[in-house]
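Scroll down for the structure; my scribbles are underneath it.
No value in this document is a laboratory result; all are computed from the given coordinates. No experiment lies behind these values; they were computed from the predicted model shown. Neighbour counts run over all protein chains shown; Cβ positions are idealised from the backbone, glycine included.
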Amino acid sequence: MSDLTGRTALVTGASRGIGQAIAARLAARGAVVIVHFGTDEDGAKATVGEIERAGGTAFAVGAELGGDDDVETLFAGVEAGLAGRPLDILVNNAAAAPAGPLGTTTRKEFDHLFAVNVRAPYFIIQRALPLLRDGGRIITISSVATRMANSAQTSFAMTKGAVETMSMTLANELGARGITVNAVAPGATRTAANGALFEAPGLAGLIAGSTALGRLGEAGDVADIVVFLASDAARWVTGQVIDASGGLFLGPRT
């Protein structure tokens, strides 16, 4: 029997990329997975279809994050699908992409980044807590952008620093319920959705050469870490940021 059998999991931004891989792996371990999507309904249906063809159980819920009613819209669908069952695992994966360097980021872009990347996961957690079973798991996807200086991602890195702090403080607060709260920080991760970004001449080789394990990340690399944190094996891990970059930019390589 799989170690997540009988548990339920909500994965935001699960219509593609890392979120899709997380949803598929949680389902493969036995969890019933709620596949959230913002605008990519076809992608969410594809994720659900992949899970069902593999023998798992999932359903999709749509809610575009960043608006005034985003969380209530999301949880109306979550609660309808759960039909009275509790929630065991919450993965905050959905995020807006970097808006650009300081000189070009507009107030609108900045506010959107914080609305999707910080406000949404915070209030999703707040709304999920009455549904979340004692001993549950909260996992938020951060980024290695918080530990390196990249002038094109200043505002994005700020949002990810916020959710790392949120994870640490909530781990301390929610420990009394046995709920663990952690963050996972991917590096350069190639997915079907962003593969074209790494086709720029020399870019993939440059990143691989700056990574201790010598290659670009794949969505499954990150998803496997999330599944570990969602499992009983990680019951004694909380308040942590787990680097999932393969050792990107750890220092000079000889």
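A few comments on the model shown:
- Counting neighbouring Cβ atoms within 10 Å and putting the fewest first, the residues Leu203, Leu90 line up as Leu203, Leu90.
- Residues listed by number, the range 72-104, amide nitrogen under 14 Å from Phe123 label point at 7 Å toward C-beta: 72-76
- The packing ranking of peptides 73-81, 35-43, highest mean first, is 35-43, 73-81, where packing means the average number of other beta carbon atoms within 10 angstrom of each residue.
- Euclidean distance of C-alpha centroids, the range 143-170 and the range 171-232, integer Å: 14 Å
- The convex hull around the C-alpha trace of the chain, projected and averaged over every direction, spans 14.0 square nanometres.
- Crossing angle, helix 41-53 versus the chain [Cα axis fit, 0-90 degrees, rounded to tens]: 60 degrees
- Highest average first, the peptides 8-20, 51-63 ordered by how many other beta carbon atoms sit within 10 Å of their residues are 8-20, 51-63.
- Paramagnetic reach from Glu79 in the range 132-173 [backbone N under 16 Å; point 7 Å along Cα→Cβ]: 132-133
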